[in-house]
Ligand SMILES: Cc1ncc(COP(=O)(O)O)c(C=O)c1O
């Protein structure tokens, strides 16, 4: 008999981490593999942030625990961030930091979900949401964002999915995996719908700084006081500041929920690693030009690689406006090569031409694959060339 809990037996492994690990393992065997799997910028963390962290190690401040929700200086830095990029201020009891936005999300679900509570998730969706909700005995309710509607859901679709168990609606704009960005009016309609029905909005804004070609990021929490009160904002340093390894995430919102999340953090990880808190303070309050330099590099990659990918036989791509992913529909490509299952199709690409992509299956999109363009242009161009070779074989 298994010693494992039903909870973990029912859990899926993260498909993105699994695809990344498989690519690394093949590389270690000496295979020539180009990995476009992970959502991780290829830049080193900016120097001013490294130095602030180093200082906190050398002067001893990083040696100690902090309060569970984070250093007062970090909360002040988050307030600066909110004033600069959201246009409003937050009090210290509205802020909590933790080990990555991923754990912030987990703490949020643990704080608000009772068994059977429903969380509406627009699909395609980031891999971890559904499993985190299930781990907390909640029920993910999927609402399909169609390609025709640029991978966005409408308030009408959400209303059709609402029941008396609906507790939360999750929004991730710019989106992983589709890269789409919601506009002001679309968000206002969704926000007002959530307020009307007293449904919490979980706004995962982690890609908010990464928008391209004139697109703008509108934080739903900035639209009205009523919407703000209904929203928990999740954000972090990983994507915009190239700090995935530092594991810093934060949430901002209703003090009661933030307090509950802090209690969960206090009983699980105690606090976000102290040196990472000092790094985040510098990220939020120091010079921001490195963020813009990286954003421009992503924009150039997107604009170069998007037309090339669209040219691959059978690959159909909606041009994204943010994040750093392309999410082609490969229905035609699978037909041409005789595949009916996108995971098998992705594996064949890896085995035959050494390009690691992520199957859309884990994102609730069995007709798509995800490529991350958070890697250098030469690698991206070579990967697309190999996709041509694969399709033309
Ligand atoms: C949509 C989304 N939310 C949250 C996260 C988690 O970010 P972090 O690295 O801060 O845990 C990611 C990372 O891939 C993501 O893509």
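The values are calculated or read from the model by the stated rules, or taken from the named source; none is laboratory data. These numbers were taken from a predicted model, which means no experiment stands behind them. Heads up, the Cβs are rebuilt from the backbone with ideal geometry, glycines too, and the neighbour counts pull from every protein chain shown.
Please go through the stretch 1-40 and give me each residue that is closer than 30 Å to residue 382 by Cα, assigned to a loop (DSSP other than H, G, I, E, B) and touching a residue at least 40 places away in the same chain (Cβ under 8 Å), ordered by number.
Within the stretch 1-40, 14, 31, 32, 33, 36, 37, 38, 39, 40 meet the criteria.
Assess whether residue 121 counts as being within 16 Å of the ligand (Cβ to nearest atom), within 19 Å of the chain's Cα centre (by Cα) and not in a helix (DSSP H, G or I). For residue 121, the condition - within 16 Å of the ligand (Cβ to nearest atom), within 19 Å of the chain's Cα centre (by Cα) and not in a helix (DSSP H, G or I) - is met.
All of 108, 103, 64, 43 fail the test of being in contact (Cβ under 8 Å) with a residue 12 or more places away in the chain and more than 16 Å from the ligand (Cβ to nearest atom), apart from 64.
With respect to residue 70, is the statement that it is more than 29 Å from residue 343 (Cβ to Cβ), in contact (Cβ under 8 Å) with a residue 24 or more places away in the chain and touching a strand residue (DSSP E or B) at 6+ places or on another chain (Cβ under 9 Å) true? Yes; evaluated as a whole, the condition is true for this residue. Residue selection: residue 216 fails the criterion of being surrounded by fewer than 19 Cβ atoms within 10 Å (Cβ to Cβ) and either within 16 Å of the ligand (Cβ to nearest atom) or modelled with pLDDT under 95 (or both).
I'm trying to understand the selection: among the residues of the stretch 171-205, which are within 27 Å of residue 369 (Cα to Cα) and in a helix (DSSP H, G or I)?
186, 187
Residue count for the stretch 211-229, restricted to those that are out of contact with any helix residue (DSSP H, G or I) (no Cβ under 6 Å at 6 or more places or on another chain) and part of a helix (DSSP H, G or I): 3. With respect to being in contact (Cβ under 8 Å) with a residue 24 or more places away in the chain, within 14 Å of the ligand (Cβ to nearest atom), within 30 Å of residue 316 (Cβ to Cβ) and outside any loop (DSSP other than H, G, I, E, B), residue 129 fits the description.
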